[in-house]
Amino acid sequence: MERLTGIGVSGGIATGRAVVLMQGARAIRFRIPAAQVATELAALAAARERSRRQLQEIRARVAETRGGELAALFDAQLLMLDDPMLLTRAEAIVRDQQVNAEWAVQQVFEDLGSVFDAIEDPYLRERKGDLADVIGRLRLNLRSGLGTPRDLLNAIDGPCVLVCDELTPSVAAQVDWGKVQGFATDAGSRTYHTAILARSLDVPAVVGLHDASRRIPAGATLVLDGATGEVLVEPSREVLDDIALRAGRQPVSRTPNPQGRRGPGVTADGVLIRLEANIELPGDLETARECGAQGIGLYRSEFLLAETPDEADEEERQYEMYRRLVEGMAPEPVTIRTFDVDEDQLATRERRGATAGWSRGRGNPLGLRGMRLCLTRRELFRTQLRALLRAGRHGRLRIMFPFVSGVEQLREARAVVAEAGAELAARGEDVPDVPIGVMIEIPAAAYVADLLAREVAFCTIGTNDLIQYCLAVDRADERVSRLYEPLHPAILRLIALVRRASDRRGIPVSLCGEMASDPALLALLVGLGLREFSMTPAAIPVARQLLAGVSAEDMRRVAREALRLPTVDAIERRLLEVLSSRPAGATAPAGGQK
Ligand code: PEP
Ligand code: MG
């Protein structure tokens, strides 16, 4: 038996098999029963064949359009697929260690990757990029449909204890806590938000274990004590029996919304908080409803562009999609954000006419994207606006413009809405009056929120980008990701500024960034005066639960203090002090309306 000691942040005892989630590598490692080894090996073989077919297709396309020299790069990748150093080794890992194939593939990459790093010849060293490409493709093909951590964890049988390098609140919100009995993380002091989340969910948790995710083998039996901060690895039968006797912890139902609650969140002092959902695919609507969302606060419409374009019927295709959303969410409102893509993403779609290569977060964050791009691509924009206006006849639809930096852009965009309306009218169609709002996600927009607020029906603060642009931290660049800090005093001040400007103009303001799905930050945002949020659907029940245990008035005081504190650390400490001193049971579910 091995005993690891960290910081217990949420009491209770959890026992189960270890499942290891490496957020950094986006990989999950779990032990498979002996009987499943053959299935896993078959999946590996199928992924190899799928990858081979894809690479051959890409090779042929590249040879046709870009010439043989470039196409030859893919020969190297095809050869790698047959190299015994790669898949034969991965197969051996699956067999010997009885772990899932995806982890075995990742393991081979890490081993081979260090061999490449040690090579002196720069040309050969750079082949590591090809290897990473092949591994990424294999892993994607192995998952086929298992995308989010929730999907991955769902693939695991039986109760387990999650061991991770770090667990961000947005990932924690997607975990099936009915299956996962508790969690342990390597990261320590910075996981406080997750710790608060753990307490809200009543999940035992230990943080600050440094290298537990590397030391604990997948499938090892674990006992985790969230009060003492101890994690026992492969404890003896006697220890397990003893713990079973003492534990007595009632398993909590942790399905996304066990009581099927709907309606607003209600703070302990009775303040109503509107909770809507951020979704990306029309299929997410069902999840939003299940989680009790009071509407869709952000539909990222650009995900529609990931589908094959159908120029002839593009307006019709989009109209049907928007209409289904609006009708599916009725009587609640749906806020649809116009396309927020960048030039590269759009060019890829237009070139290939398919999803390949379309990925969020690529491209230049300061380049031609969002509203800027739409204003240079009027036809694309007008088509979307016509579809939106038509869908507006079927329910409570709102149109939201992303990435606006000032009033000029807003006016220009509104003029395009008018053009789209005129086109519909010329066709003899009704043009409904659809509310138009802006996202506040560029610091300039926050500073002129009072001016924007005069000309829109609502504002939505997009903290994901606001933080990135305000702090000059690329949110996709992990080398600077530690500087991406929602609690930076500048961020809190900008949010307060926008909230005040909107209130003065009497228009609703909501917040739809990731920040809202972090319970500790949500409490502070309520203190800053915000009353409407949109978040990842799975975070809604947790938010509702947390809100029931905090007083908006207390939070208002903390927020006032926070706005004067000089550092992130000081703000964090104060916030945690207040949230941690909530009386036991303060997180009992609110009496939300059904
Ligand atoms: C945001 O910027 O906060 C936001 C919600 O938009 P996205 O994450 O889609 O850029
Ligand atoms: Mg954004």
### Highest to lowest packing among 280-287, 533-540, scored as the average C-beta count within 10 Å
533-540, 280-287
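Can you tell me the length gained on complete extension of the stretch E485 to I119, counting 0.36 nm per residue apart and subtracting the Cα distance?
Length gained between E485 and I119: 128.0 nm.
Just to be sure I understand: if I project the alpha-carbon convex hull of region 32-147 onto a plane and average over all orientations, what area do I get in nm²?
Working: hull surface 30.9 nm².
Its average projected convex-hull area is 7.7 nm².
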### Task
Along Cα→Cβ, 7 Å out, is where each label goes; now give me the distance between the ones at L272 and E327 in nm to one decimal.
2.9 nm
### Query
Can you give the extra length, in nm with one decimal, that the chain gains between T88 and A72 once fully stretched, where that is 0.36 nm per residue apart less the Cα-Cα distance?
3.4 nm
### Query
Can you work out the FRET efficiency for the pair E455 and E316, with r the C-beta to C-beta distance and R0 = 30 Å, to the nearest 0.05?
0.45
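If the chain between E57 and L497 were fully stretched, how many nm would it gain, using 0.36 nm times the residue separation less the Cα-Cα distance?
Values: separation 440, 0.36 × 440 = 158.40 nm, distance 5.24 nm.
Taking 0.36 nm per residue and subtracting the Cα distance, the gain is 153.2 nm.
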### Message
Testing the spin-label approximation: label points 7 Å from Cα along Cα→Cβ at D242 and Q36. State their distance in nm.
### Response
3.1 nm
### Message
Could you order the peptides 519-529, 547-557, 107-117 from most to least packed, using the average number of other C-beta atoms within 10 Å per residue?
### Response
519-529, 547-557, 107-117
## Note on the structure
Within region 265-580, the percent of DSSP beta bridges that are antiparallel, given to the nearest 5, stands at 10 percent
### Task
Sum up the charges of everything whose Cβ sits under 12 Å from the Cβ of L87, counting Lys and Arg as +1 and Asp and Glu as -1, but leave L87 out.
-1
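Place the peptides 236-243, 455-462 in order of packing, highest mean first, counting for every residue the other Cβ atoms within 10 Å and averaging per peptide. Could you put the intermediate results ahead of the total?
Details: 236-243: 11.5, 455-462: 22.5.
The most tightly packed comes first, giving 455-462, 236-243.
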## Note on the structure
Distance in Å, no decimals, from the C-alpha centre of region 256-304 to the one of region 1-67 is 30 Å
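Only the coordinates and a few stated rules stand behind these numbers; no lab work does. Given the structure is predicted, the values throughout are model-derived calculations rather than measurements. Virtual Cβ from ideal backbone geometry, glycine too; neighbours counted across all protein chains shown.
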